[in-house]
1. Looking only at the range 241-284, which residues are within 19 Å of His218 (Cα to Cα) and hydroxyl-bearing (Ser, Thr, Tyr)?
2. Report whether or not His260 is at pLDDT 90 or above and farther than 26 Å from Asp179 by Cα.
3. Looking at the range 24-82 only, could you name the residues that are modelled with pLDDT under 85 and buried (at least 17 other Cβ atoms within 10 Å of the Cβ)?
4. What number of residues within the range 184-200 are over 14 Å from Pro269 (Cβ atoms), of a type outside the set (Ser, Thr, Tyr) and either in contact with an Asp or Glu (Cβ under 9 Å, 6 or more places away or on another chain) or outside any loop (DSSP other than H, G, I, E, B) (or both)?
5. On the basis of being farther than 27 Å from Leu165 by Cα, modelled with pLDDT of 95 or more and in a helix (DSSP H, G or I), does Leu85 make the cut?
6. Identify the residue in the range 276-310 that is of a type in the set (Gly, Ala, Ser) and at pLDDT 80 or above and, among all such residues, is nearest to Pro199 (Cα to Cα).
7. Could you look through the range 234-252, keep only residues that are touching a residue at least 60 places away in the same chain (Cβ under 8 Å), farther than 22 Å from Thr198 by Cα and in a helix (DSSP H, G or I), and pick out the one that is nearest to the chain's Cα centre (by Cα)?
8. Please pick out the residue among Arg88, Arg102, Arg183, Arg106 that is surrounded by 13 or more Cβ atoms within 10 Å (Cβ to Cβ), over 22 Å from Leu256 (Cβ atoms) and in contact with a Phe, Trp or Tyr (Cβ under 8 Å, 6 or more places away or on another chain).
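The values are calculated or read from the model by the stated rules, or taken from the named source; none is laboratory data. This structure is a prediction, so every number in the text was calculated from the model and none was measured. Every residue, glycine as well, gets a Cβ built from its backbone with ideal geometry; the counts of neighbours run over all protein chains shown.
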Amino acid sequence: LSGNYAFHLMAYRRELLLELGGLRPQFDGSQDYDLLLRAAETHPVVRHIPAVLYHWRQHTASVAHSDDAKSYAFAAGHKALQDALTRRGLNAQAVEIDDLWRGMYRLQWPPIADEAITVITQPTQPEFYGHSLAALNLQTPYLAILADGLHPLQPEALAGLCAWLQVPGVALVSGKIIDAQQRLVYAGMHYQDGQPVTPYQSEPETEAGYMALTRIAHNCSAPHPYCVVLRREVWQQLGGLDNRFQGPYGLLDLALRAQHAGWRCLVDPQFRWQIPAALPLDAGDDAQHLRQRLVRPDGYGNPHTQVTDQGIRLREAVLPRPC
């Protein structure tokens, strides 16, 4: 819903295309995005081939060269996304992000009432993380876990994160966190070699990152334990935090269990939060317990990318060679 990240080279089953009615001329310029959005609503089995199979040339009449080459394509893309939101019954408005490259979107949601959210403020000492959550009797539809000292940079930040929980399948949502020097603390988390990794940590907030991941809403491997909202039904279904964990890794474990049960985690960086001090996550034997939970590779990783705290980059072996 943030843009067409699948791009051009895709293969569809013929019967699915016939079921969908093929390409729709009213979306010319972004007919591939419209088709992809409609196909996703049939819940197909999708496979990604982790190989470099083509390169996109920069022709002077192509948007690869200039966004202004086909401005009608971006209007069609916005129309396709808004049409998809209506079909899916999602009460949100698509807005193009005006300080990124064209074709990237954010969603504006109606406000969620404060009465629907239980807020738990957590001390930032990792060993005390689970104390206030151990006997939680959650009555509201949504739970927010926020660090002591973390404050929103927009009045609608908390409600905006909770709005994503209305999307079927979304269980946990985090926002972007920056420090007092306007440097990134969190805009999504991945797992690399059994360890949680936060790409672009300490980079300026203006750093968009690989595929603009620090700027657009996207599925992610792990929420931030100190800035997260989640559904009551997921908390109850999974029995809350595993008492083997002493600190914030218990929330990462909960997120992994949610994903194994078919739920998704999401980060929306348009909702920004600021923290004056560091947010340590590890405590006791938690890292070892978390590695035991990581029984399969990161579902949002790619063998051709290297994920570190400095960012996400293509591995040298797959970079294009000069002609």
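1. None; the set is empty.
2. So His260 fits the description; yes.
3. Val63, Lys70
4. 5
5. In short, no.
6. The qualifying residue nearest to Pro199 (Cα to Cα) is Ala278.
7. Val234
8. Step by step, each of Arg88, Arg102, Arg183, Arg106 is checked, and only Arg102 is surrounded by 13 or more Cβ atoms within 10 Å (Cβ to Cβ), over 22 Å from Leu256 (Cβ atoms) and in contact with a Phe, Trp or Tyr (Cβ under 8 Å, 6 or more places away or on another chain).
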